[in-house]
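Asker: Sending over a structure as structure tokens; questions will come in a sec.
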Amino acid sequence: MKKRQILVELTPLLDVILIMLFVLLVFSKSQVDDSVSAAEQAQSESALLQKELALTQDALHTLQRHERTLDVVDEQSLLLTVSLEDGPVRRIRIESEDGIETFLALDSQRSREAAERFHALLMDRIDGWENESIFLVFQYDRNTIYHSEYELISGVIMALKPELAEEGYHLNLIELDIQKEN
């Protein structure tokens, strides 16, 4: 048997292998570049999120301080709301923050007796209050309140201020016109 000599030409095979290596290097380089740009983008997004988180934490701390302050004010003060109820019988509503409502029917004269009864009702609510601060909110609609009613309510409240000051209370009056849009 004759042996044939097999000659394998390696040059084309080496060319193919080198071309494949070159393609692999180029492909790897593009993947590395994409990964680097994705990492840079993730870092910039992370920095933005860190800034946003810091701002949110600052806002949270501010709100927590405000909440603690409001809790102290709520514990140390009495809040009363005085309003006028419109209807067939006009009456004054005194409402405390615990939801207890007291009503005082107004006669057609808005008389001195009504003022004295209103004064007595306010003093009943305030008596026994151990802290010094009282907030009284007078809510009314300027289009529906009569001048005599306004004068009666504000007159009693204004007369009550010095009386309470002598007893060591601080009465803070807030008038709130809740004018209704027609």
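Asker: Determine the dipole magnitude for the stretch 77-177: charges of +1 sit on the beta-carbon of Lys and Arg, -1 on that of Asp and Glu, nothing else is charged, the reference point is the Cα centre, and the result goes in debye to the nearest 20.
Answerer: So the magnitude is around 360 debye.
Asker: Can you give me the angle between helix 11-76 and the longest principal axis of the chain, using Cα atoms only, in degrees from 0 to 90, rounded to the nearest 10?
Answerer: 10
Asker: Counting each DSSP H run of 4 or more residues in the chain as -39500 (n - 2.57), what helix-only mean residue ellipticity at 222 nm follows after dividing by all residues, to the nearest 500 deg cm²/dmol?
Answerer: That calculation yields -20000 deg cm²/dmol at 222 nm.
Asker: Taking the chain as the reference, fit the longest principal axis to its C-alpha atoms, fit the long axis of helix 147-166 to the helix C-alpha atoms, and give the angle between the two in degrees, 0 to 90, nearest 10.
Answerer: 90
Asker: With springs only between Cα atoms under 10 Å, which of Ile126, Ile100, Ile157 fluctuates most in a Gaussian network model of the chain?
Answerer: Sorting by GNM fluctuation, first place goes to Ile100.
Asker: Which whole-number percent of Cα pairs in the chain have a distance greater than 28 Å?
Answerer: Numbers: 9511 of 16471 pairs.
In whole percent, the share of Cα-Cα pairs in the chain beyond 28 Å is 58.
Every read-out reported here was derived from the displayed coordinates using simple, explicitly stated rules and does not represent laboratory data. Just so it is clear, the model here is predicted, and its values are computed rather than measured. Don't worry about glycine lacking a Cβ; one is built from the backbone with ideal geometry, like all the others, and counts go over all protein chains shown.
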